[in-house]
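Participant: Got a structure for you, questions after.
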Amino acid sequence: MRTFPRVALATLLLALVLAAWQGVASLDSVDDLTLASPAETATALSDDWSLLMDNAWVTLEEVLLGLAIAVVAGAVLAVAMHLWQPLRDAAYPLLIASQAIPIVVLAPIFVLAFDYGMGPKLAIVALICFFPITVNVLDGLRSTPAELLKLMRSLGASRLQTLRKVELPAALPSFFTGLRVAASVSVIGAVFGEWAGADEGLGRLVLLANNQLQTPRAYAGIVLLTLMAVALFALATIADRLLCPWNREEAKA
Amino acid sequence: MQVHPEAPVQEPRPVQRSEIALDGVERRFGRRSTVVALRGLDLRVEAGEVLAVVGPSGCGKSTLLELVAGLQQPDAGSVSVTGATAYMPQRDLLLPWRDALGNAALALECQGLGRRDARERAGALFARFGLAEFERARPSELSGGMRQRVAFLRTLLPGRPVLLLDEPFGALDSITRTSMQGWLAGALAAEPRTVLLVTHDVEEAVLLADRVAVLSPRPGRVVAELDVRLARPRRRRDALGDPAFVELVRRALDVLAVGA
Ligand SMILES: Nc1ncnc2c1ncn2[C@@H]1O[C@H](COP(=O)(O)OP(=O)(O)O)[C@@H](O)[C@H]1O
Ligand SMILES: [Mg+2]
């Protein structure tokens, strides 16, 4: 894999975007309050660093806990659906329906039903992340090669042994695919949750700064939220490579 | 003893018991069972005997082994097997996330042994299988011959008396195949088992077996049985110079050519 040209190209693209952004923001016809330039955003990042960090931790906590709930609940449901056909048939439509619910509308209802605290945010993050994880784990479990299942039968393995020793490991790469998707949408979930009602968090800070016409601070918050999502995605990718090295070896072979 | 549900009520067994007995076996596949893989197949394997089954590809050899292994049921006829079977599938089917030792140990884990004990017992045999130093290697790091030996070890570890081998050397290059054939012949001489060996290589069949059954093209049934009255184990380079061996190979090839 030629890593260097890829990194160089990505850096170049980022630089071009930043330059264009700076160029547009510097135009006389563009009001400073509508569009902050990269330079102003950078200044806000350093001036408001501790304020931003305090709120970033809150959001990160919501995201990580929500993700954890989604991983556990999604994996358990997927395994249950895999082992028990009636549950699979019954739960699949509900699973799809859960994705049709517009989260933006659901968020304020959750906040109303619970409170301003952590609860509703976790629920929303988990609800968004739950679907990709469940669907991918289920898919991974079901696509275990039939030959391997036959082999396990010939070795006299029990249903549970086959699940533990063959189906679950075989589904691990699919799980990580789901986790990557979940990681990249989890931050959006936390922001929706905070917009519906919160007294701390990056999403709330961005909304507040926007209302108070502190545009550079709002931009700084958005940059941090983006970095958070990208970092989570990267972590899921690294975990995938560390825990499923065979997946890449096989693809190469 | 293991009798498949379709087997008729057991009559008193003859004195010389067959370990494996197939009578009038039929197996169909496809929508509305239009593909007849096997029809009217009769086959017996005695205890301690090595029987090789040869036949053109697609004639139902793998199906035959899966029937004997109890992984499929016949649509007609009966399959009865005395003693537990150890089935080695056509592809090595090593788990890519386990190392070589873990793959061999899988068979013991399925019998309820703990992971560590299973690895220990499998590890004790690694040197004898020519796998020393490769315990921690992943399947992708092993050569074809070594992968096959790991699969062999996995098949043999549970100590089941009846071996069912599906083209065990089919995927190997000819040099590796020759050395693996020699290795299997030696292993069977050291520790006799009842073996049903499927292959599409007539020379391999005559080299390794006491008896060779030739199958017809699909639907497969036994069209000829050849007795190989030569002492085992046989070495390939000796056998190739033995007129009796060459004659048997020629006869088997003739039967195959007529059937095709
Ligand atoms: N599960 C299956 N479904 C449908 N057809 C099958 C199945 N298994 C085997 N067959 C068919 O039965 C025939 C015999 O297959 P197989 O036993 O694999 O042959 P061989 O091992 O001799 O090459 C082939 O025509 C194959 O297409
Ligand atoms: Mg076959």
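Participant: Out of all DSSP beta bridges with both ends in the protein assembly as shown, state the antiparallel percent to the nearest 5.
Facilitator: That works out to approximately 50 percent antiparallel.
Participant: Now for a different question. Would you list which aspartates and glutamates come within 15 Å of A:LYS121, measuring only between C-alpha atoms, while excluding same-chain residues fewer than 8 positions from it?
Facilitator: Correct list for A:LYS121: A:GLU61, A:GLU62, A:GLU194, A:ASP199, A:GLU200.
Participant: Additional query: Under 5 Å between amide H atoms, partner at least 5 residues away or on a different chain: which partners does B:ARG28 have, H built in plane at 1.01 Å?
Facilitator: Here the answer is B:ALA37, B:ASP75, since their amide H atoms fall under 5 Å of that of B:ARG28.
Participant: Using a 1.4 Å probe on the protein chains only, how many percent of the accessible area of the range A:53-206 belongs to carbon and sulfur?
Facilitator: 71 percent
Participant: With a 1.4 Å probe and all protein chains kept in place, how much accessible area does A:LYS150 have, in Å² rounded to the nearest 10?
Facilitator: Approximately 60 Å² of A:LYS150 is accessible to the 1.4 Å probe.
Participant: How big is the gap, in Å, between the Cα center of the range A:197-253 and the Cα center of the range A:120-136?
Facilitator: 16 Å
Participant: Go from 0 up to the bin containing the longest alpha carbon distance in the range B:148-260, width 10 Å each, and give me the % of pairs per bin.
Facilitator: Each 10 Å bin holds this share of Cα pairs: 12, 46, 34, 8, 0.
Participant: If ligands, DNA and RNA are left out, what is the accessible area of B:VAL258 with a 1.4 Å probe, given in Å² to the nearest 10?
Facilitator: We get 120 Å² for B:VAL258.
Participant: While we're here: Just the Cα atoms of the protein assembly as shown, one point each, no solvent: what log10 I(q)/I(0) does Debye give at q = 0.07 Å⁻¹?
Facilitator: Listed by q, the Debye log ratios stand at -0.58.
Participant: Now for a separate question. Given a 1.4 Å probe, how much area per residue of the range A:113-217 is accessible, in Å²?
Facilitator: In whole numbers, the range A:113-217 has 40 Å² accessible per residue.
Participant: Given the options B:THR34, B:THR85, B:THR199, state which has the largest fluctuation in a GNM of chain B using a 10 Å cut-off (strictly under) for Cα springs.
Facilitator: Its mean-square fluctuation being the largest, the pick is B:THR34.
Participant: Beyond 16 Å, what share of the Cα-Cα pairs of the range A:124-170 is found? Please give it as a whole percent.
Facilitator: 46 percent
Participant: I would also like to ask the following. Rank A:ARG180, A:ARG88, A:ARG204 by mean-square fluctuation in a GNM of chain A with C-alpha springs under 10 angstrom and give only the top-ranked residue.
Facilitator: Result: A:ARG88 has the largest fluctuation of those listed.
Participant: Just counting partner chain Cβ atoms within 10 Å, what average do the residues of peptide B:242-248 show around their Cβ?
Facilitator: Counting Cβ atoms of other protein chains within 10 Å of each residue's Cβ and averaging gives 0.
Participant: Which whole-angstrom value gives the distance between the alpha carbon centres of the range B:111-186 and the range A:1-80?
Facilitator: 52 Å
Participant: Can you classify chain B as rounded, prolate or oblate using the Cα gyration tensor, where a ≥ b ≥ c are the square roots of its eigenvalues, rounded means a/c under 1.5, and otherwise it's prolate if a/b beats b/c and oblate if not?
Facilitator: Oblate is the answer for chain B, as a/c is 1.5 or above yet b/c matches or exceeds a/b.
Participant: Give the residues of the range A:213-227 whose amide nitrogen is closer than 15 Å to a point set 7 Å from the Cα of A:VAL17 in the direction of its Cβ.
Facilitator: A:220, A:222-227
Participant: Further question on the same structure: With all protein chains present and a 1.4 Å probe, how do A:LEU52, A:LEU168, A:LEU243 order by accessible area, largest first?
Facilitator: Most to least solvent-accessible, the answer reads A:LEU243, A:LEU168, A:LEU52.
Participant: Per residue, how large is the accessible surface of the range B:94-160? Use a 1.4 angstrom probe and give square angstrom.
Facilitator: Per residue, the range B:94-160 has an accessible area of 42 Å².
Participant: From the Cα gyration tensor of the range A:1-72, with a ≥ b ≥ c the square roots of its eigenvalues, which class applies: rounded if a/c is under 1.5, or else prolate if a/b is larger than b/c, or else oblate?
Facilitator: oblate
Participant: Take the Cβ-Cβ distance between A:VAL105 and A:ASP54 as r, set R0 to 41 Å, and report the resulting FRET efficiency rounded to the nearest 0.05.
Facilitator: E between A:VAL105 and A:ASP54, to the nearest 0.05, is 0.90.
Participant: Determine the distance separating the Cα centre of the range B:231-260 from the Cα centre of the range B:45-104; give it in Å without decimals.
Facilitator: Cα centroid to Cα centroid, the span is 24 Å.
Participant: Which whole-percent values make up P(r) of the range B:94-160 when all C-alpha to C-alpha distances are grouped in 10 Å steps starting at zero?
Facilitator: Reading upward from the zero bin: 25, 62, 13.
Participant: Sticking with this structure for a sec: Accessible area lost on pairing B with A, both sides, 1.4 Å probe, Å² to nearest 100?
Facilitator: 1900 Å²
Participant: Relative contact order, percent, of chain B when contacts are C-alpha pairs under 8 Å separated by at least 6 residues?
Facilitator: Once normalised by length, the contact order is 25 percent.
Participant: Could you give log10 I(q)/I(0) at q = 0.14, 0.18 Å⁻¹ for the range A:37-252, computed by the Debye formula over C-alpha point scatterers of equal weight, without solvent?
Facilitator: -0.88, -1.20
The values are calculated or read from the model by the stated rules, or taken from the named source; none is laboratory data. Note that the structure is predicted; figures quoted are calculated from it, not measured. FYI the Cβ positions are ideal-geometry reconstructions off the backbone, even for glycines, and counts take in every protein chain you see. Heads up: the accessible areas ignore ligands, DNA and RNA and are worked out on the full protein's heavy atoms, side chains in. Shrake-Rupley method; radii C 1.70, N 1.55, O 1.52, S 1.80 Å.
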